[in-house]
Amino acid sequence: MAVDVKTTPVPASATLRSRRPGRIPAERLRSFAAFGAPGLLIYACFVLAPIAISFGYSLTNHNPFNPPTKFVGLENYRLLFTDSEFLTSLRVTTILTVIVVIVPNVAGLGIAVLLDRKGWLYNALRTVFFTPMVLSSVVVSIVWTRMLDDEGPVNQALRALGVDQPPGWLSDPRLALYSIATILSWQMLGFCVVVYLAGLQGVPTELAEAASIDGAGPMRRFWSVTWPLLAPALTINTVVLLISAFKAFDHIQVITHGGPGTGTTATIAYNVLQTGLVANRQGYASAMAIVMLVIIAAAAAVTLRVLNRREVNL
Amino acid sequence: MKHRALLTALAATVTLAACSVGQEQTAQTQPGAAGKKEISFLVFETPNMTPQVWDAAIKRVTDKYPDISVKKLVAPSADRVSYAKQLLASGQFPDVMIAVSPAGFAESGAMAAFTPEELKDFDFPNNGAVNGKIYQLPTNTQTIPVVYYNKDLFAKAGISAPPKTYAELLDDSAKLKAKGITPFVVGGGKDPFASSLAWTATIATDVYAKTPDWMAKRRAGTVKFTDADFVKATTKFADLAKQGYIDKKDVARDYAATEQAFLDGKGAMYPMGNWFAAAGDDPKRKPSWEIGAFNWPTDDGSTVVPAFTGGGLSVSATAKNLPEAKKFALAYTMDQANLDASVHNDGLYPAVKGYTPPADTGAVFKLGYDLYQQGVQNKTVTQAFGWESGNDGMLPGLVDKWQAAAQDLITGNKSVQEVLSSLDDEWSKAS
């Protein structure tokens, strides 16, 4: 249900004035420079420059332990797409990302709807759900490693329920990736809940009341009134989850070290670190990092474009 | 939309966070007074090597040389080699580091070589050489692995003595399994080396015992992982898992938990480096049952002792105070109390001329030490695969692939042939 609010027309003369580039007062330009330049400088130094440097390295065979460094053009990129280890990590990362984008989004929305009430209990529950988000990934990883250990509480509970051979959550190569995805989803759930709750609290009550007067039931009100107005929250959650999952490294490092076995939970970010700092092939690792950057940027841009179309303005 | 710019910035930031290679160091600084020469010292912590142990060891040297102050850097995990590479890449290479294999660092000129004069007090002064020079003090010998075993569980399975041949080992494993006892305790998780110790043992008995210079030949390209002897050693290891003598689920358990699992009696045999003695002899952790030890048996009952000598301190070639860094490294190594502490705290065998372990070493230490001494006397000490150093070691990055391959074999995720072919491929890529 789209709702448009008309704005007061701006006089044409005012619009024309503001569009003339040469008419920006010098004082405003000075203010912009004073306030904007430090931010731009930091962005250039810590975001743009490292990307440019990484790209430069990706065109070389840079190995600090095996000089000299030579320019190899796009050879690293060509090798990447025939490298089974990289392709495996791309598959692992894609599976992880799909799960981590869907599960916390769906569960977070459901929990947010249940918690969108007033009262101390609901406030307490919001805190409980958000707590994993503020914990360090390393702490979360250590806790879950113990939880999912064969002797840990999860398998002990399953044994108490009569399961003789509970799964090897982190030791079975077929399950380990899904266990990692569950842990990441659990940690990101609180973020989704909070964003959806903020969205729910921004839905005007009069719209739901109007729909109710028109005879819409709870489900109809949710899908026709609430859900369209939650589109910005969905956009934020989806993009943040997508990026978080695609760059997953610390959980893998602490819990499985990319295993069990060869590459079963090795994401691209993990592979970048291993290739660059264990195998010392830093030129090749830079090429991986650049490909990862392009994939994330493209995926985030497409997601933003698709989801922005759903958004409505009040 | 308003949040588009925010999201774009956020995307760039988190992406870069993922791509960044450095890690913040955890440092404990001993404040240096004016005039003191400060050096940084990279260490790592384990259940044996606690912060207190490191601090006390450092203090003994700085008490002796008050002109030196030490900034201690702690690697975020037991993998101090990767951390040292990160520090080197980010221009923060420590002045002194312990147990960091010089492979790669030495060839690139990052480490300073020790002179023959500086090495005159070591038993094996040329161990771990890189292009003929020594970049890591050959401080101690470690036997990797010794097979520690639970005498109570052996008795419960009706086994009266440790196995002398490989056939007896398999027979004992079958008896233990029949009694519902897990024959071998292994680990993995964030410490994948803990999955590979039994494989190191079979490679020692079936490859290194026959071809002591196997690694040099692999570097020369005259042998491969897919050769018959290596296939035999690997098949032995893989079959232990296939027979159910190694629990596949154990590959998710980290090293500290694995050590505790053995001490808790959750398995009968624990192939591990002799540093386990520190835990086995620790009065606070010592189990109520008796620990025994034997060398991994060969087919014909002959003795083979896989061992590695090295593990000592290295010095950065670009250390600001290079003479003090070297002075610290040598003083730390030769300090009698530090050598005794390495015996007590990490179960090591110092390879320093004239050194004898203190009389108050524990029973578990003595078990491993006696087995090693027998190997020395019988001249049956071999390299410990996956632990070699310098030109005797695998190419950079291969040890990790090999440890992951050990997990592939335990879980049955890959066949012996797949694993060994893959290692040959990785070797080609790395060379």
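Throughout, read-outs are computed from the coordinates displayed, never taken from laboratory work. Just so you know, these numbers come straight off a predicted model, no measurement behind them. Cβ: placed from backbone, ideal geometry, glycine included. Neighbour counts: every protein chain shown.
Quotient of the Cα radius of gyration of chain B and 2.2 N^0.38 Å, N being its number of residues: 1.02. Look at the stretch A:223-229: the mean tally of other chain Cβ atoms within 10 Å of its residues' Cβ atoms is 0.
A Gaussian network model of chain A, with springs between Cα atoms under 10 Å, assigns the largest mean-square fluctuation among A:V143, A:V154, A:V163 to A:V163. Model label sites at B:K179 and A:Y122, defined 7 Å from Cα along the beta-carbon direction, differ in position by 6.2 nm. Using equal-weight Cα scatterers in the Debye expression, the normalised intensity of the range A:74-308 in log10 at q = 0.08 Å⁻¹ is -0.39.
Taking B:D408, B:D254, B:D171 as the candidate residues, the one with maximal mean-square fluctuation in a Gaussian network model of chain B, Cα springs under 10 Å, is B:D171. Placing unit charges on the Cβ atoms only, positive for Lys and Arg and negative for Asp and Glu, gives the protein assembly as shown a dipole magnitude near 2780 debye about its Cα centre.
Its residues counted as N, the range A:142-201 yields a C-alpha radius of gyration over 2.2 N^0.38 Å of 1.44. Take chain B and mark each of the GluC sites (Glu not before Pro) that is in a DSSP loop with at most 10 other Cβ atoms within 10 Å; the longest unmarked stretch, sites excluded, is B:118-431. Considering only A:E27, A:E75, A:E151, the Gaussian network model of chain A with Cα springs below 10 Å gives its largest mean-square fluctuation to A:E27. From most to least packed by mean Cβ count within 10 Å, the peptides A:127-138, B:190-201, A:35-46, A:79-90 give B:190-201, A:79-90, A:127-138, A:35-46.
Classify the range A:254-313 as rounded, prolate or oblate from the Cα gyration tensor: take a ≥ b ≥ c as the square roots of its eigenvalues, call it rounded if a/c is under 1.5, otherwise prolate when a/b beats b/c and oblate if not. Oblate shape, in that a/c is at least 1.5 and b/c is the bigger or equal ratio. Ranked from largest, the principal axis spans of the Cα set of the protein assembly as shown equal 100, 66, 50 Å.
Size descriptors for the range A:106-154 (Cα atoms only): Rg and Dmax, in that order, 14.2, 41 Å. Pairwise Cα distances in the range B:105-171 exceed 17 Å for 61 percent of all pairs. Mean partner shielding of peptide B:396-407, defined as the number of other chain Cβ atoms within 10 Å of each residue Cβ, is 5. Neighbour counting of Cβ atoms within 10 Å sorts the residues A:K118, B:K177, fewest neighbours leading, into A:K118, B:K177.
Ranking A:N66, A:S137, A:L48 by how far each Cα lies toward the positive end of the dipole of chain A (charges on Cβ) leaves A:L48 at the top. From the Kirkwood radius over Cα pairs of the range B:232-316, Stokes-Einstein at 20 °C and 1.002 mPa s returns a whole-number translational diffusion coefficient of 138 µm²/s.
Relative contact order of chain B: 24 percent, from C-alpha pairs under 8 Å at least 6 residues apart in sequence.
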